[in-house]
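Notes for the one structure printed next.
The values are calculated or read from the model by the stated rules, or taken from the named source; none is laboratory data. The structure displayed is predicted, hence computed values, not measured ones. Note that we place each Cβ from the backbone using ideal geometry, even for glycine, and neighbour counts take in every protein chain shown.
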Ligand SMILES: Cc1cc2nc3c(=O)[nH]c(=O)nc-3n(C[C@H](O)[C@H](O)[C@H](O)COP(=O)(O)OP(=O)(O)OC[C@H]3O[C@@H](n4cnc5c(N)ncnc54)[C@H](O)[C@@H]3O)c2cc1C
């Protein structure tokens, strides 16, 4: 009888891990990894600033799950299957020792993501898992007994089992081949990505993270006005628009420079964690304390000129009127 076949779509961390573990659980399976590019584990290579932050030293599922504000319950279920200790043991059994840094992040003792890549590649070879590169799966159809996978060049293969480990895509249209199977696709949002800048001024900071940091916004000593909105607010987009309009109105009647709208979670100025978003932010903008649907915080720079503007009754009146007018316009647009 011919072997049952598992096709894993994607030659990244998830695909490799799935393939290796499937082989361990069922040595009779024929396993093939299909990768659309010419590279394998390319994200693992760059992860953790080239050191690969393999896991985090936290042995409480509830505590770890809190770090995933958009998927707390979902990850809890997964963590009950495979958690931090399992990760440490999995790599330990394969000769990869992990070390814990002061903040709990765990890296291979070699401080190199290549160690993780080498470990996964060794396991793939040991389990005789085949890899097909330069092959993009374009369509996935369930037949009578097997899956039929069609590649970009129209060739296809049949498989008893399929694991989709294709990673993230920037646009929801790129998930069309999975949507065709009846899955619901959430609109993707940018999360972690490589950042290309022309100079290497900040290259030495790669992989550094700090525990309690104070982030200062350049230019807060300027003669300027700017706004803050709360990250993850139901009305985040509307608040952004409102803040932008109010700042513009204030800047138009003063000499204050318009410095734009920022998220309160990016400043590190307040240690208050919002119950809804799990993000740190300004106390005054946080929905734990401020239940207004629309909330923006406007700030004026701590600079000699701006202080004079604030102390001058004429400027204050002008600013007040500008805010009132813009707010009235914004509200009336929303009513219509
Ligand atoms: C700069 C950076 C630093 C990071 N640092 C860390 C870290 O320190 N620790 C950590 O845990 N995580 C880190 N991450 C996140 C981590 O790298 C990713 O979460 C992880 O690598 C995702 O693995 P994956 O297998 O799900 O997806 P991917 O690595 O994206 O792999 C998916 C693969 O599927 C292939 N593919 C897609 N569609 C098809 C198709 N139709 N047919 C065939 N092949 C297809 C893709 O080409 C790709 O190779 C970092 C990410 C980045 C970008």
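Condition test on residue 122, is it modelled with pLDDT of 95 or more, in a loop (DSSP other than H, G, I, E, B) and either on the phi > 0 side of the Ramachandran plot or assigned by TED's automatic domain parsing to the domain that holds residue 54 (or both)? Walk me through it before giving the result.
Details: modelled with pLDDT of 95 or more: yes; in a loop (DSSP other than H, G, I, E, B): no; either on the phi > 0 side of the Ramachandran plot or assigned by TED's automatic domain parsing to the domain that holds residue 54 (or both): yes.
Here the answer is no, as residue 122 does not meet what is asked.
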| query | Are any residues in region 9-59 within 15 Å of residue 126 (Cβ to Cβ) and under 23 Å from the mean Cα position of the chain (by Cα), and if so, which ones? | reply | 16, 17
| request: All but one of (1) more than 27 Å from residue 209 (Cβ to Cβ); (2) surrounded by 14 or more Cβ atoms within 10 Å (Cβ to Cβ); (3) within 27 Å of the chain's Cα centre (by Cα) hold for residue 285, so report the exception by its number. | output: (1)
| task | Answer with yes or no whether residue 217 is closer than 30 Å to residue 325 by Cβ and modelled with pLDDT under 75. | result | yes
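Among the candidates 41, 98, 6, 29, which residue alone is in contact with a helix residue (DSSP H, G or I) (Cβ under 9 Å, 6 or more places away or on another chain) and more than 30 Å from residue 137 (Cβ to Cβ)?
After applying the criteria, what remains is 98.
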